[in-house]
Each structure stands twice: as C-alpha cells, then as structure tokens.
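For reference, the structure discussed in these notes is given below.
The values are calculated or read from the model by the stated rules, or taken from the named source; none is laboratory data. Please read these numbers as outputs of a predicted model, since none were measured by experiment. A quick note on method: Cβ atoms are made from the backbone with ideal geometry, for glycine too, and the neighbour counts reach across all protein chains shown.
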There are 2 protein chains.
Amino acid sequence: MTPTITAFRASPDGGRGLARDMRVRWALEEVGRPYDVRLLSFEEMKQPAHLALHPFGQIPTYEADDLVLFESGAIVLHLAERFEGLLPADANARARAIAWMFAALNTVEPPIVEREQVTYTEGDKPWYAHRLPLLEERIRHRLGQLSGRLGVRDWLAGAFSAGDLMMVMVLRRLEGMEILEDFPTLVAYVARGQSRPAYQRAFAAQRAVFAGNAATGKPARHRA
Amino acid sequence: MTPTITAFRASPDGGRGLARDMRVRWALEEVGRPYDVRLLSFEEMKQPAHLALHPFGQIPTYEADDLVLFESGAIVLHLAERFEGLLPADANARARAIAWMFAALNTVEPPIVEREQVTYTEGDKPWYAHRLPLLEERIRHRLGQLSGRLGVRDWLAGAFSAGDLMMVMVLRRLEGMEILEDFPTLVAYVARGQSRPAYQRAFAAQRAVFAGNAATGKPARHRA
C-alpha cells in the first residue's frame, strides 16, 4: 500500500520547503518509495480527525497499512530502518548516524526554532531588539561546534545518512537570518544536501503544492 | 565489556536527577546492564578529549567497545534496540514507541528547556517578568495535548517503553515551576515512572554522586 503523508495546504514558508513534510518527502525519495499527500488547512489540523493521528495537531503524519506515525524524526527513522539508502549496514555505524538525527532535533534545532518563532510571538514587544543578539549567539555557538566536527568531511558520519538529511533540513531553517553564512563549511554542507537528486524531487513536489498544481482536491501521488 | 557513561562531577541540579545522564542510567537499569561512570567537571567537558566524544561538549556520552555515542535520545534508543525491556517486539508497535521519544525530545522538551534557561540567561533583564507567562503558556498548551492523549492509559503506547522513559524525564524538568501540577493525569504518569524499581536504582546512583559517595576518583561501577 502506498503510504500517505500530511502537509500544509498553505505552507507559511511560501513553497521554500522549510515545513517538516519536506524531511519525510526527502527520505521517501532517498529510499525510492512512492507516496500520497493529504493537504490540510490550519483549521483541519485542529479537528479530532487529525488529532487522532497527531496528538499535537501538526504535520507531517505518516499512514501505511495499520501504522500511523507522527514526528518527522520518527517517520524518517522508520523509513531508514525499513528501506535501504539512509543508514549504513554496520550496527555501530547505524547508531552513530542515528545520533546525528537526535543532535539535529534536540541540540541544533531548538535555538533555531526559538529565533524563528520570536519574530511572530514577540516581534511587537519592546525587548525584541535586545533579545535577538542573545538568541543568535546561542545558534552561533552550536554552529561553531558543528562546523568544527564536520571539518573537511562531506557528511557527518561516513556516507550520507538520515542524520545528514535531518541536519541539513534543520540548518535550512536559518535561511534569511544571516547566521549560517558565517560558517562556510556548513553552507557547503547544506548545498551538498540540496544537490542530491532525491532532495530536488522532494523540493519540486512540495513546491508544486504552493504553486497550486496539487491543490486540486484529489491527493497528489508521487512516484519516486 | 562494561560500557562507560559520562556525568557531571557536580550536577547543577543538586542530586535531583534532572541531568541527562539520568535518562541513560534509567535505560541501563531497565535492560539490566551494568555500567561504569566517568565524572567530568565543566572545565573537563570543554577539553579536546571530551569534545572528541561529544561534539557539543555535553554529557552524557556512552562508550562500549569501539562504539562512542552522544545525545541521550540516541543512547537510550541504542540500548532499547540492542537489549530487551524498552521496546515492544512488534515492528509497528516499536515505531510508535519510538515516535514518543521524538515527541518528548523535539516537541515537549524545547519549550520546557526555554523556560528553565531563561531564569539563568535573562533573569536580570527588565523583560523577564513579562516573558514568563508567554513561555509558560507554550508549555501548558503542549501539556494539555499530551494529557488529552494519555487519558486513562498508564503509558503512552501500550506497555512502558523508551518513549515513556524519555517523556517522564522531560516532564520532570518542570519540577518547581508549578505548571505540571495543573495536569493531574501527567502528575500521576510521572509518579508511575518514578515508582519503577529501575528508575529508583538509577536515581540512587546519581544521588550518590551528589552525596560524594562516588566522587572518590575511581569510576563508580553499577551492577544492574
């Protein structure tokens, strides 16, 4: 059965592929699996039908046969464990690649999300301009450490893995903040991720939603 | 070979078991594996020897034979996949339990850490008192959703799993903030986790470090 994922009907990123469905689309393309997409409005995401799939009312979800998953990290890991292409075969090497998924989601992403959200939640407050440098310093600290570890390597742990997929997507959230640009090693790393054919297919598919190509009422079907 | 984990020599939580080594200690106790602990000062955590193990200079790390892991989520997942006791046998049920690990670390924990950190980083700023209610509302929103999903269940996805272990530890970070108390379902859930014998052994072991019992210079060895 072709799995179905959910995505924003109207993504707030305007088709830039920053929403979390892009992580799952990219993973599906890397492992060569077709998928269907069900688009949701913000109102639909708050309804009981969606909350039954995703307790926090977000996207993406993943439905395949009798399995329903939420959390992009969990979905990508599930795909990586079930199909070839996102994790090395050796058990220790797999564990190391998975560690980078957690590092992306629990160590690198939180300060980036914080910086991103603050514009929406506190942009009109008198302290906003004072807090921005504090938030950016936290991000720079993490990026410096990440850049140091990556060094001259192409990918974080051997061959390209689910850890890199997640880290590249997390770093992409910095677009427009003029922070990543101070770390050329990481700029090149993100560009390497974006140049992968699977990334480009996934990006085009989510871009098509924004362009209205897939907003026809019937589910979009993607053949990887 | 007995694995070695790292932990704070002087934990800022004063022996309350809120540091991330507690997650790994608990997991090791649940799967019945002995472990050694190497205690680190904040100064030692910044040194190249430790940064080689943990690119972000934090604790815990996990060393076993030629495997070195960082990120508490990755270490707990590795233990859960390698030994019995933290994940169900059925593949779909495993994926669902792992989804709750990611939910704990990427959806529930970030606003809690933000609330925790702000006292240290912005406690002296004029906007501190204005921001606290904003931060607490974000936490309450997530706790309401989590409480609704847990409902009358004992655990989030069937039997106790690594997903519950991680969620209980993330919720424990709210101690003293007077937020969790408004969600009796979650208070009872955390208490259920804390009443597990494996939790209690892990808690006693980290508490012994604070009490000075393990700060003798030689590694503490724990027989699960």
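Spot the failing condition for B:A93; the list is (1) within 22 Å of A:N92 (Cα to Cα); (2) surrounded by fewer than 19 Cβ atoms within 10 Å (Cβ to Cβ); (3) at the interface with chain A (Cβ under 10 Å from one of its Cβ atoms), and only one is missed.
All conditions are met except number (1).
Count, please, the residues in region A:130-140 that happen to be away from chain B (no Cβ under 11 Å) and out of contact with any helix residue (DSSP H, G or I) (no Cβ under 6 Å at 6 or more places or on another chain).
Step one: of region A:130-140, the residues away from chain B (no Cβ under 11 Å) are A:132-133, A:136, A:139-140.
Those still in the list that are out of contact with any helix residue (DSSP H, G or I) (no Cβ under 6 Å at 6 or more places or on another chain) too: A:132-133, A:136, A:140.
The qualifying residues number 4.
Across region B:110-121, which residue is surrounded by the fewest Cβ atoms within 10 Å (Cβ to Cβ) among those that are out of contact with any Leu (no Cβ under 7 Å at 6 or more places or on another chain) and facing chain A (nearest Cβ under 7 Å)?
The residue in question is B:V113.
Regarding A:I98, is this residue more than 17 Å from A:R173 (Cα to Cα), at pLDDT 95 or above and in the same structural domain as A:G163 (by TED's automatic domain parsing)?
The answer is yes for A:I98.
All but one of (1) out of contact with any Lys or Arg (no Cβ under 8 Å at 6 or more places or on another chain); (2) modelled with pLDDT of 95 or more hold for A:V190; which doesn't?
Only one criterion in (1) out of contact with any Lys or Arg (no Cβ under 8 Å at 6 or more places or on another chain); (2) modelled with pLDDT of 95 or more is unmet by A:V190, namely (1).
Could you list all residues from region A:48-60 that are facing another protein chain (nearest Cβ under 10 Å) and closer than 19 Å to A:A27 by Cα?
Start the filter on region A:48-60 by keeping residues that are facing another protein chain (nearest Cβ under 10 Å), which leaves A:51-52, A:54-58.
Within region A:48-60, just A:Q58 meets the criteria.
Do we have B:E116 as assigned by TED's automatic domain parsing to the domain that holds B:V170 and not in a loop (DSSP other than H, G, I, E, B) here?
On the way: assigned by TED's automatic domain parsing to the domain that holds B:V170: yes; not in a loop (DSSP other than H, G, I, E, B): yes.
Taking the combined requirement at face value, the residue satisfies it.
Within region B:65-84, can one find any residue that is within 9 Å of chain A (Cβ to nearest Cβ), touching a residue at least 24 places away in the same chain (Cβ under 8 Å), more than 20 Å from the chain's Cα centre (by Cα) and more than 20 Å from A:V68 (Cα to Cα)?
Within region B:65-84 (the criterion being within 9 Å of chain A (Cβ to nearest Cβ), touching a residue at least 24 places away in the same chain (Cβ under 8 Å), more than 20 Å from the chain's Cα centre (by Cα) and more than 20 Å from A:V68 (Cα to Cα)), the answer is yes, since at least one residue qualifies.
Could you tell me whether region B:148-159 includes any residue that is touching a helix residue (DSSP H, G or I) at 6+ places or on another chain (Cβ under 7 Å), more than 10 Å from chain A (Cβ to nearest Cβ), part of a helix (DSSP H, G or I) and under 30 Å from B:E84 (Cα atoms)?
no
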